[in-house]
Amino acid sequence: MFHVKQSDKESPNTFGTDTPLARELADLSARRKALEGVHVEFSGETRVLTVSNQKGGVGKTTSAVNIAAALAGLGAKVLVIDLDPQGNASTALGVPHNSDTPSVYDVLIEEFPLADIVQPSPEDENLFCAPSTIHLAGAEIELVAQVAREHRLRRALLDYLEDHPMDFVIIDCPPSLGLLTINAFTAASEVFIPIQCEYYALEGLSQLLGSIQMIQKHLNPALHLSTILLTMFDGRTRLAHQVAEEVRNHFPSQVLDTVIPRSVRVSEAPSFGQTVIAYDGQSAGAIAYREAAVEIASRSTARTQKQSKEK
């Protein structure tokens, strides 16, 4: 029988400290510790962001609910308005949205007060959701005949905020540029675009930017593109780095430094009726969304301080 002598320098059960996996784990640990020391103060000003991209499968709803949950974790009061008839945001936030549930449809078509449909999310006491139901699928057609059809969500939201102050309102749009999305654009002051780090990412962006300019000109002059988040980033591929670089070159001030990696945990969380923040808050995907939320909140703080100095 032959025996292989182990090296005296390295234990057989010790992983190398300079391997890619070891570096990744060390980086993740350092980022977790950095987030533990983060403290963000909110000015009391309500920021209304509409999360939009007419291309499906880019992480739009996933980003909307996880950023909302991360902001709530930082102490912000956050309302998510689910404008997508699929109701995925409502599912991820653990909010009931069966066909009998009062929903955004009733606000847009039946003129219910928004306060009558908003539900607290079980994830966080600071997190609320205005759910969507399947009835919203027909709202595009029904809105055509309504008076002031583009401003219905805006009016309802302004009335709600008078008695229910929020730090953030995040509106999750369907992957289209119909009347539901136009209502979101009219109600919001900021556009938040998740962009997938793959080849087709930029194809529909010019059309979306054209729609934003149209809304600015005719319906909502305050609307502007404030935030772009790179999602589904695979650092092992050259293509992901090229797409990220191209987006940063075109929108240097709007793109967040944080990128969202491809993550099994992020994909699994909605099947449990949770965001990844609640499902596995220490995973790489959750850490990335928490970092992105800190960036978004910090930009708000920096803007408020700048305005104060100018006054």
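The values are calculated or read from the model by the stated rules, or taken from the named source; none is laboratory data. Note that the structure is predicted; figures quoted are calculated from it, not measured. Methodologically, a virtual Cβ is constructed for each residue, glycine included, from the backbone with ideal geometry; neighbour enumeration extends over all protein chains shown. Quick note on the areas: whole protein, heavy atoms, side chains included, nothing else; ligands and nucleic acids left out. Shrake-Rupley method; radii C 1.70, N 1.55, O 1.52, S 1.80 Å.
Of note:
- Part-to-part distance (alpha-carbon centres) for segment 83-121 and segment 258-295, which is given in Å: 23
- Those aspartates and glutamates that a straight Cα-Cα span of less than 17 Å connects to residue 33, excepting residues fewer than 8 apart in one chain: 24, 280, 291, 295
- Heavy-atom accessible surface of segment 79-139: percent carbon and sulfur, 1.4 Å: 49
- Stretch gain in nm, segment residue 234-residue 140, where the contour uses 0.36 nm per residue and the Cα spacing is subtracted: 30.2 nm
- Largest-first ellipsoid semi-axes for the chain, taking √(5λ) over the Cα gyration tensor eigenvalues, angstrom: 38, 21, 20
- Shown is the FRET efficiency for residue 218 and residue 19, computed with R0 = 51 Å from the Cβ-Cβ distance and rounded to the nearest 0.05: 0.35.
- The residue among 93, 37, 130 whose Cα reaches farthest toward the positive pole of the charge dipole of segment 24-139, with charges on the beta-carbon of Lys, Arg, Asp and Glu, is 37.
- Working note: Karplus 6.51/-1.76/1.60 with θ = phi - 60° gives segment 248-260 the couplings 5, 5, 7, 10, x, 8, 8, 6, 5, 5, 6, 10, 9 Hz, where Gly and Pro are set to x.
- Reachable aspartates and glutamates, given that their alpha-carbon falls under 20 Å from the alpha-carbon of residue 217 and they are not under 8 places away in the same chain: 150, 190
- Share, in percent, of DSSP beta bridges within the chain that are antiparallel, nearest 5: 5
- Prolate/oblate/rounded call for segment 85-203, Cα gyration tensor, a/c under 1.5 rounded: rounded
- Expected 222 nm ellipticity per residue - DSSP helices of 4 or more, -39500 (n - 2.57), all of the chain, to 500: -12500 deg cm²/dmol
- Accessible area in square angstrom per residue, the chain, 1.4 angstrom probe: 51
- Protection proxy ranking of 185-194, 130-139, by the mean of other Cβ atoms within 10 Å over each peptide's residues and highest first, is 185-194, 130-139.
- All aspartates and glutamates inside 15 Å of residue 55 as judged from Cα atoms, apart from same-chain residues fewer than 8 positions distant: 84, 172, 198, 203
- Note on segment 143-282: percent of Cα-Cα distances in each 5 Å bin, starting at 0 and stopping at the bin with the largest distance, equals 2, 8, 15, 17, 17, 17, 13, 7, 3, 1, 0.
- Ranked by how many other beta carbons lie within 10 Å on average, peptides 171-184, 250-263 from highest: 171-184, 250-263
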